[in-house]
1. Say the dipole of the chain comes from +1 at the beta carbon of Lys and Arg and -1 at that of Asp and Glu; which of Val147, Thr404, Met329 then lies farthest toward its positive end?
2. What share of Cα pairs, in percent, lie more than 11 angstrom apart in region 171-212?
3. Tally Lys and Arg at +1 and Asp and Glu at -1 over the other residues with C-beta under 13 Å from the C-beta of Phe263: what net charge comes out?
4. So what are the chain's ellipsoid semi-axes, whole angstrom, largest first, if each one is the square root of 5 times an eigenvalue of the alpha-carbon gyration tensor?
5. Strictly greater than 23 Å: what percent of every Cα pair in region 148-247 meets that?
6. Kindly provide the helix-only [θ] at 222 nm of the chain, computed as the sum of -39,500 (n - 2.57) over DSSP H runs of four or more divided by all residues, to the nearest 500 deg cm²/dmol?
7. Considering only Glu122, Glu191, Glu398, give the residue with the highest GNM mean-square fluctuation for the chain, with springs between Cα atoms whenever their separation is below 10 Å.
8. Restricting to Cα atoms and excluding each atom paired with itself, what does the Kirkwood estimate give for region 282-413 in Å?
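The values are calculated or read from the model by the stated rules, or taken from the named source; none is laboratory data. The structure displayed is predicted, hence computed values, not measured ones. Here the Cβ positions follow ideal geometry from the backbone for every residue, glycine too, while neighbour counts run over all protein chains shown. The accessibility values were calculated without ligands, DNA or RNA, using every heavy atom of the protein model including side chains. Shrake-Rupley method; radii C 1.70, N 1.55, O 1.52, S 1.80 Å.
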Amino acid sequence: MAFNRRTLLAGAAGAALPLVTPLRHARAQAANTIRIGVLNDQSGLYRDLAGPGSTQAVRLAVRESGITTKGVNVEVIEADHQNKPDVGSTIVRQWLDRDGVDVVVDVPTSSVALAVSTLCRERDKVFLNSSAATSDLTGQACAPTTVHWTYDTWMLAHGTGAALVQTGGKSWFFITADYAFGHALERDTAEFVRKAGGRVVGGVRTPFPGTTDFSSFLLQAQASGAQVIGLANAGGDTINSIKQAAEFGITRGGQRLAGLLVFLTDVHALGLQTAQGLVLTESFYWDLNDRTRDFTRRLGRMPNDIRPTMAQAGCYAAVLHYLKAVEAMGVAAAKASGSKAVERMKAMPTSDDCFGEGTIRPDGRKIHPAYLFQVKAPGESKGPWDYYKLLNTIPANEAFRPITEGNCPLVRT
């Protein structure tokens, strides 16, 4: 569990702490320092969609917040949770109990995110989730210290699942990653399928992490005769599933693949020749409008020369809003109580170049529009990373689960 420390002091990005600091000055500095821990997959199948790019986005948010020019120190650290709840919990417990971290950011892999949310609630520290998908984070597992920013399984099911049912995909077979995220995505999508008059004819769960060969699962899906094969997985698992489905000629036989969580980096890895025609739902696309393009320009060159994903954009926007709340309430108050900091975030309207204007509900759900995209054919793309065409905009008040249906204990019915 290697930790890479990055320090942003007095507006000078990357300035290092002195090796020896007088005790009184060190205490004063710590009292006026906000520490942000970026926790994600730095080396595995979710590296490109989050990973080092999320840390880069957080650093940009710190710079653009302007808070370091007003005498506030902000320190950013990062770690790799390896998609394992026990590893993630160990890192965060150390961050909160020993290292003085005030806010944990990103955290792909829903099983890790649920554990982190519990730890932050117990220690009254802020958790800004961008990359984990389970809608339980604003449902039965909601916490007064957690904000779920970018997307969730309900949004994905409502967007992609509903769209495919409406265009004739009435029978479904699910290939599901066997952990909290996959279970939640299958559950939420199956609910939409049934409500729309469709049916689920079967499903199979794949070990996570570690599955690379999906051939037996795809053959089961093919044999089911389902009109739609729902891929309740993400990242490298989705890429491998789609590639291997193409090798088996599954779509040529008339069955449709539903990538229920597809990131821009997944499409890039697949290539337009393989990914063309895929329908997917995202809440951010780098080339959506002038504001998203300007954000991408300011972010600069990303690891592996990728364009930012919605997960990385969510890290930027969530930290930017958090630091606005810190400035409004004062560093001491924000450090003293994560729940009070999140209360202030909820009381303030959100505004950023990635998601536009929005709000944070009492259950911690960040509200903004979602977008139904279709992947372009190779001949339609006009340049690098020009991959999506917009099919539909889902308004903010329709994109996420109604607050009355989540069973969040924070919400009074």
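1. Met329
2. Cα-Cα pairs in region 171-212 separated by more than 11 Å: 63 percent.
3. -3
4. 37, 21, 20
5. Percentage above 23 Å: 20.
6. -11500 deg cm²/dmol
7. Maximum among the listed residues: Glu122.
8. Value: 16.7 Å, from the Cα pair sum.
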